[in-house]
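Working notes, beginning with the structure itself.
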Ligand SMILES: [Zn+2]
């Protein structure tokens, strides 16, 4: 909101400059000619300050559509937290969180940016970027109706391939990213302490109890 407020200030400056060319400003007898460099500068500043929030809103809507798809029709609403949102978030320590009843998904700063970085170069995704992909799928699985963390994460690992494809990643790269997540990041959860273990189950494997045998499973053929 701060950025938009600054943008609106520059919009007001532009309005004032244009208006003074049409109506004599206070203290003048006649309208004043427009100072073009000044007008160009304030318009450029208005656009520059409006861009980050507008871009964030666009990305949130885009992610909301994908999360709704993953949640199989249950309405998901993704919110990319700014630094301020994150500081004020009661679940600040969770990188992402979802409310099953409302479909609201919150991704902490800077995870939406990390996801954007992933989309710029999915073929050389870093571990962090793969986490951001998995986080979107994971929170969408909560919205789909699962509350248990281990089951939620298992549903997510089987759908990371689907998520990557929905995000526009090429098929072979999407498959590799999803498998890298499952083979590396997911398996690390088993040995990374009690917090991470809550997200892991040995039953989450091809042919095991939690395998949903999805036609487009991350670990499918
Ligand atoms: Zn969760």
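The values are calculated or read from the model by the stated rules, or taken from the named source; none is laboratory data. None of these values were measured; they are calculated from a predicted model. Every residue, glycine among them, receives a Cβ derived from its backbone with ideal geometry; neighbour counts consider all protein chains shown.
Going through segment 66-99 one residue at a time, which ones are away from the ligand (no atom under 14 Å from the Cβ), assigned to a loop (DSSP other than H, G, I, E, B) and within 22 Å of residue 199 (Cβ to Cβ)?
72, 74, 81, 89, 90, 92
Residues are listed down the side, and each one gets a yes or a no for (1) under 15 Å from residue 199 (Cβ atoms); (2) within 16 Å of the ligand (Cβ to nearest atom); (3) in contact with a strand residue (DSSP E or B) (Cβ under 6 Å, 6 or more places away or on another chain):
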{"residue": "119", "(1), (2), (3)": "no, no, no"}
{"residue": "126", "(1), (2), (3)": "no, no, no"}
{"residue": "132", "(1), (2), (3)": "no, yes, no"}
{"residue": "144", "(1), (2), (3)": "no, yes, no"}
{"residue": "151", "(1), (2), (3)": "yes, yes, no"}
{"residue": "154", "(1), (2), (3)": "yes, yes, no"}
{"residue": "157", "(1), (2), (3)": "yes, yes, no"}
{"residue": "163", "(1), (2), (3)": "no, yes, no"}
{"residue": "166", "(1), (2), (3)": "no, no, no"}
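Would you mind finding the one in 81, 75 that is surrounded by 12 or more Cβ atoms within 10 Å (Cβ to Cβ), assigned by TED's automatic domain parsing to the domain that holds residue 160 and within 11 Å of the chain's Cα centre (by Cα)?
Working: 75 fails: within 11 Å of the chain's Cα centre (by Cα).
That would be 81, the only listed residue that is surrounded by 12 or more Cβ atoms within 10 Å (Cβ to Cβ), assigned by TED's automatic domain parsing to the domain that holds residue 160 and within 11 Å of the chain's Cα centre (by Cα).
Tally up the residues in segment 179-204 that are surrounded by 13 or more Cβ atoms within 10 Å (Cβ to Cβ), without any contact (Cβ under 8 Å) to a residue 12 or more places away in the chain and not in a helix (DSSP H, G or I), please.
1
Identify, from the list 123, 116, the residue that is in contact (Cβ under 8 Å) with a residue 40 or more places away in the chain, over 16 Å from the mean Cα position of the chain (by Cα) and part of a helix (DSSP H, G or I). Steps first, please.
On the way: 116 fails: over 16 Å from the mean Cα position of the chain (by Cα).
One residue alone meets the criteria, 123.
Answer yes or no as to whether residue 115 is within 16 Å of the ligand (Cβ to nearest atom), touching a helix residue (DSSP H, G or I) at 6+ places or on another chain (Cβ under 8 Å), under 17 Å from residue 177 (Cα atoms) and at pLDDT 95 or above.
Values: within 16 Å of the ligand (Cβ to nearest atom): no; touching a helix residue (DSSP H, G or I) at 6+ places or on another chain (Cβ under 8 Å): yes; under 17 Å from residue 177 (Cα atoms): yes; at pLDDT 95 or above: yes.
Judged against the criteria, residue 115 is not a match.
Which is at pLDDT below 95 and closer than 30 Å to residue 162 by Cβ, of 65, 56?
Working: 65 fails: at pLDDT below 95.
Going through 65, 56 in turn, the sole match is 56.
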